[in-house]
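Chemist: First the structure, then my questions, so here it is.
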Amino acid sequence: MFPEFGQIIIVGLMIVIPIGVIYNKAGFNPAWALLVFLPGFGLLLIFLQLGLMDWPAHKNHSE
């Protein structure tokens, strides 16, 4: 049981860290990257949020 749980944590962290960096550069709170750990639709929520919301960092550069 532990090896499978350990693999889930390792793969989750391999996804959470880069997504956290993307959120930080986009001007969002990097804690939103923890949505990856929601089974089934966590990544979908992340992609929808990044794809459909206005990025605060983008607004600062355009002004």
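The values are calculated or read from the model by the stated rules, or taken from the named source; none is laboratory data. Keep in mind it's a predicted model, so treat the numbers as computed, not measured. Cβ placement follows ideal geometry from the backbone for every residue including glycine, while neighbour counts extend to all protein chains displayed.
Chemist: Within the range 8-26, can you find the residues that are touching a residue at least 24 places away in the same chain (Cβ under 8 Å) and over 8 Å from the mean Cα position of the chain (by Cα)?
Modeler: G12, K25, A26
Chemist: Something else: From the list F41, F2, which one is modelled with pLDDT of 85 or more and out of contact with any Pro (no Cβ under 7 Å at 6 or more places or on another chain)?
Modeler: Working: F2 fails: modelled with pLDDT of 85 or more.
Going through F41, F2 in turn, just one is modelled with pLDDT of 85 or more and out of contact with any Pro (no Cβ under 7 Å at 6 or more places or on another chain): F41.
Chemist: A further question on this structure: If you scan the range 25-49, which residues turn out to be surrounded by 14 or more Cβ atoms within 10 Å (Cβ to Cβ) and either of a type in the set (S, T, N, Q) or farther than 27 Å from I8 by Cβ (or both)?
Modeler: Matches in the range 25-49: G27, Q49.
Chemist: Follow-up. Just checking, does the range 50-61 include any residue being surrounded by 11 or more Cβ atoms within 10 Å (Cβ to Cβ), aromatic (F, W, Y) and in contact with a Gly (Cβ under 6 Å, 6 or more places away or on another chain)?
Modeler: yes
Chemist: Return the pair list, or none, for Cβ contacts closer than 7 Å from residues in the range 44-55 that are within 14 Å of I19 (Cα to Cα) to residues that are of a type in the set (G, A, S) and surrounded by 10 or more Cβ atoms within 10 Å (Cβ to Cβ), at least 6 apart or on different chains.
Modeler: If the second residue must be of a type in the set (G, A, S) and surrounded by 10 or more Cβ atoms within 10 Å (Cβ to Cβ), the pairs left are L50/A26.
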